[in-house]
Every structure is written in C-alpha cells, then in structure tokens.
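The values are calculated or read from the model by the stated rules, or taken from the named source; none is laboratory data. Note that the structure is predicted; figures quoted are calculated from it, not measured. Glycine gets a Cβ as well: all are built from the backbone with ideal geometry, and neighbour counts include every protein chain shown.
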Amino acid sequence: MYISHKSNVLQTIHETEWQCRRLVKGLNKPEYWTWLATITSGDPPVVDLSGETGYTIVECTDEDVQARLSQLGDYTSMDGVYNIKWSDEKVDGSHFVGDDTAKDARLLAEQWTQIRNERTRLLAETDWMAGTDTTLNVVWKAYRKELRDLPDDQSSKTSFADIVWPTKPS
C-alpha cells in the first residue's frame with residue numbers, strides 16, 4: 001500500500017504508487033498522463049520526480065494499512081480528510097497515529113459550518129420581508145440582527161446543540 005503524506009500528515013492511500021501520486025496531486029487520469037509526459041525523457045524513458053515538493057510517498061509493506069485505518073475511523077472525515085499522522089518508525093506497533101488536535105479542530109469547524117448554514121437558512125426565511133415594500137418592524141429587525149451576530153455572540157460554543165437560537169417573532 002502506498003501512502004502520501006505532507007509533514008507526516010496522511011494525505012492519500014492507494015494500492016499503486018502512480019494512483020497515490022495522481023490522487024495527492026488532485027488530477028484525473030488524462031491530466032496525470034499529460035503531467036507525466038512533461039517529466040519523462042530519454043530512451044529508455046526516465047521519469048524525473050526531482051521537482052516533486054509538498055508531499056512524500058512511501059510504501060507500507062509491514063502493516064495492514066486498511067485494518068489500521070479502520071481502527072482510526074474517528075480520525076477520518078466524511079469527505080476523506082485524514083487527521084492521522086505517519087511515522088517512518090512504528091510507534092506502539094503502527095506507522096499511523098491519530099492526531100487529536102487536528103481531529104478536534106476539524107470537528108469544531110464542521111459544527112460551525114452547520115451553525116452558519118442554519119443561520120443562513122433562518123435569515124433566508126425572512127429575506128422577503130427585508131426586500132419588499134413592507135417595512136420591517138423593530139421585532140423582526142432585532143431577530144435578523146441576532147441571527148447575523150450569532151457567530152460572534154456565541155463563539156465560545158463548541159457544538160450545534162449548544163447554540164441559543166433567537167426566538168422567531170410571531
């Protein structure tokens with residue numbers, strides 16, 4: 001199994017090196033082959049990877065990578081972001097270890113994304129009032145202001161459930 005990492009933080013994994021390289025570069029297959037042609041020369045062909053920076057690709061043959069990543073499932077987001085560090089030397093029997101600080105930061109960011117999405121949805125429900133000839137009364141203006149101020153007013157909160165949402169006027 002091939003692993004790409006940047007500053008020892010796991011980026012991608014794949015069974016073949018070229019696919020691992022393609023994935024970490026964010027290229028589709030045609031783009032990858034075009035890029036590869038630009039760094040290949042000579043007869044027989046020689047690939048010059050000396051210009052590769054920003055990540056390292058290693059082959060892991062002494063560990064069941066899939067099994068270990070399954071054990072570290074809490075350190076992987078739904079969109080494939082890894083909060084897992086790679087070590088050339090095994091630590092506690094594995095090359096992989098979860099990064100609690102990065103995981104906590106990712107989870108907090110996901111919560112705030114959910115909070116901002118809900119705030120945007122609630123504001124959108126009342127946009128028609130602000131964009132028509134109808135004049136917003138003081139109560140509705142205050143409600144919309146509380147929604148807009150919500151991220152700053154409750155920045156110490158750490159989850160969607162902790163947010164105190166303003167009461168929608170009736």
- [ ] Within the stretch 48-63, track down each residue that is touching a strand residue (DSSP E or B) at 6+ places or on another chain (Cβ under 7 Å) and surrounded by fewer than 11 Cβ atoms within 10 Å (Cβ to Cβ).
- [x] 54, 59
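Output the residue which, of all residues in the stretch 1-47 that are polar (S, T, N, Q) and in contact (Cβ under 8 Å) with a residue 40 or more places away in the chain, is surrounded by the fewest Cβ atoms within 10 Å (Cβ to Cβ).
The extreme case among them is 8.
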Open item on the list: What are the pairs with Cβ atoms under 8 angstrom where one residue, in the stretch 143-170, is closer than 17 Å to residue 117 by Cβ and the other, located anywhere, is of a type in the set (Lys, Arg)? Sequence gap at least six, or different chains.
Closed with: 147/119; 148/119; 150/119; 151/116; 151/119; 163/157
Open item on the list: So in the stretch 89-101, with the set limited to residues that are among the hydrophobic types (A, V, I, L, M, F, W, C) and modelled with pLDDT of 90 or more, which one is surrounded by the fewest Cβ atoms within 10 Å (Cβ to Cβ)?
Closed with: 97
Task: Subset of the stretch 73-84 that is touching a Leu at 6+ places or on another chain (Cβ under 9 Å) and part of a loop (DSSP other than H, G, I, E, B) - its residue that is modelled with the lowest pLDDT - done: 77
Open item on the list: Could you go through the stretch 85-107 and let me know if any residue there is of a type outside the set (Phe, Trp, Tyr), part of a helix (DSSP H, G or I) and closer than 30 Å to residue 168 by Cβ.
Closed with: yes
Task: Residue match in the stretch 74-84 (condition: loosely packed, with under 10 Cβ neighbours inside 10 Å, on the phi < 0 side of the Ramachandran plot, free of Cβ contacts under 8 Å to residues at least 60 places away in the same chain and not assigned by TED's automatic domain parsing to the domain that holds residue 158) - done: yes
